[in-house]
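Take a look at the structure below.
The values are calculated or read from the model by the stated rules, or taken from the named source; none is laboratory data. Everything numeric in this text was worked out from a predicted model, so none of it was measured. Here the Cβ positions follow ideal geometry from the backbone for every residue, glycine too, while neighbour counts run over all protein chains shown.
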Amino acid sequence: MNDIYDPNFVKKLFNKMSSSYERMNYITSFGFSIIWRKQFIKTLNRKRSKIKVLDLLSGLGENWSYLKNRFQMQNFML
């Protein structure tokens, strides 16, 4: 039995599933993951001169493309 807390096990598991993560997220949410992302981005105020984004490394960065499309890149404060 594998020790699920062993760093090597976690690394191998992540590497194994990373190529299909986005596809599985889409399938298991019935496509709502994309809709939810777009709805979230629309709630952000476009008129602000700067936008602060805290990336908690909790996914594949799917929101970045939506953020870049909605806001001008010079307004990003990373």
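Below, the figures for the structure above:
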item: Residues within region 1-24 that are touching a residue at least 24 places away in the same chain (Cβ under 8 Å) and touching a helix residue (DSSP H, G or I) at 6+ places or on another chain (Cβ under 8 Å), tallied; result: 0
item: Failed criterion for residue 7 (all others in (1) at pLDDT 85 or above; (2) surrounded by 11 or more Cβ atoms within 10 Å (Cβ to Cβ) hold); result: (2)
item: Leading residue by the ranking (modelled with the highest pLDDT) among those in region 16-47 that are closer than 15 Å to residue 70 by Cα and part of a loop (DSSP other than H, G, I, E, B); result: 43
item: Of residues in region 48-64 being of a type in the set (A, V, I, L, M, F, W, C) and at pLDDT below 70, the one farthest from residue 23 (Cα to Cα); result: 57
item: Count - residues of region 1-48 that are closer than 15 Å to residue 63 by Cβ and small (Gly, Ala, Ser); result: 2
